[in-house]
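The values are calculated or read from the model by the stated rules, or taken from the named source; none is laboratory data. Predicted, not measured: the structure shown is a model, and the values here were computed from it. Glycine also receives a Cβ, built like all others from the backbone with ideal geometry; neighbour counts cover every protein chain displayed.
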Ligand SMILES: [Fe+2]
């Protein structure tokens, strides 16, 4: 069964002014589509491979493009048009279990955002910053993955793409401004739902 590019749950310009229409169009239609196409090609080649050596040779392509598809599919639902622009629910963390857990761990939501941004900005090269639920310790943690590695150690609650293709056309080299702006379009309602599912043991 071939993988397909999921539709965005909002228009390409819906995250403006925080993420431009141009970035969203390229990011979704070109970058994500390429991960989907390359994952399908790698899976087809894997199905035809007849020796262990042939299958081993495909591992890197499966990991990179599979991770790219998984991470971007999550990223689009992690975002929402901003409430500060009167467009949607983006950026609004309502009172509830997630806010309580964040406040308990980091002291305040602002402290959490600062620590998340510092950790994510420190990624060398391309990667992802994560708020993840640790299923062993049952606490929320900030973590990162390199390249397109999906988050396997934790259940992802929020993932932020820190590849240059995610911000460069609008923020140039100023990663910190992109990371500051993105909190205006984080879909906390989706994060709350993922947090509840993670606590109930769902495989997300
Ligand atoms: Fe990306």
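Listed here are the residues, each with its yes/no results for (1) assigned by TED's automatic domain parsing to the domain that holds residue 146; (2) within 14 Å of the ligand (Cβ to nearest atom); (3) in contact with a helix residue (DSSP H, G or I) (Cβ under 6 Å, 6 or more places away or on another chain).
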site	(1), (2), (3)
8	no, yes, yes
34	no, yes, no
40	no, no, no
44	no, no, no
56	no, no, no
59	no, no, no
62	no, no, yes
71	no, yes, no
91	no, no, yes
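Restricting attention to segment 112-125, does a residue exist that is outside any helix (DSSP H, G or I), within 14 Å of the chain's Cα centre (by Cα), under 21 Å from residue 147 (Cβ atoms) and in the same structural domain as residue 143 (by TED's automatic domain parsing)? Explain how you work it out, then say what you get.
Going residue by residue through segment 112-125, those that are outside any helix (DSSP H, G or I) are 122-125.
If we keep only those that are within 14 Å of the chain's Cα centre (by Cα) as well, we get none.
Within segment 112-125, none of the residues are outside any helix (DSSP H, G or I), within 14 Å of the chain's Cα centre (by Cα), under 21 Å from residue 147 (Cβ atoms) and in the same structural domain as residue 143 (by TED's automatic domain parsing).
Does residue 34 count as surrounded by fewer than 18 Cβ atoms within 10 Å (Cβ to Cβ) and more than 21 Å from residue 128 (Cα to Cα)? It would help to see each step written out before you state the result.
Details: surrounded by fewer than 18 Cβ atoms within 10 Å (Cβ to Cβ): yes; more than 21 Å from residue 128 (Cα to Cα): no.
Here the answer is no, as residue 34 does not meet what is asked.
Go through segment 86-120 and count every residue that is on the phi > 0 side of the Ramachandran plot and exposed (fewer than 14 other Cβ atoms within 10 Å of the Cβ).
Residues meeting the conditions: 3.
With respect to residue 87, is the statement that it is within 16 Å of the ligand (Cβ to nearest atom), over 16 Å from the mean Cα position of the chain (by Cα) and closer than 23 Å to residue 166 by Cβ true?
Values: within 16 Å of the ligand (Cβ to nearest atom): no; over 16 Å from the mean Cα position of the chain (by Cα): yes; closer than 23 Å to residue 166 by Cβ: yes.
Criteria not met by residue 87.
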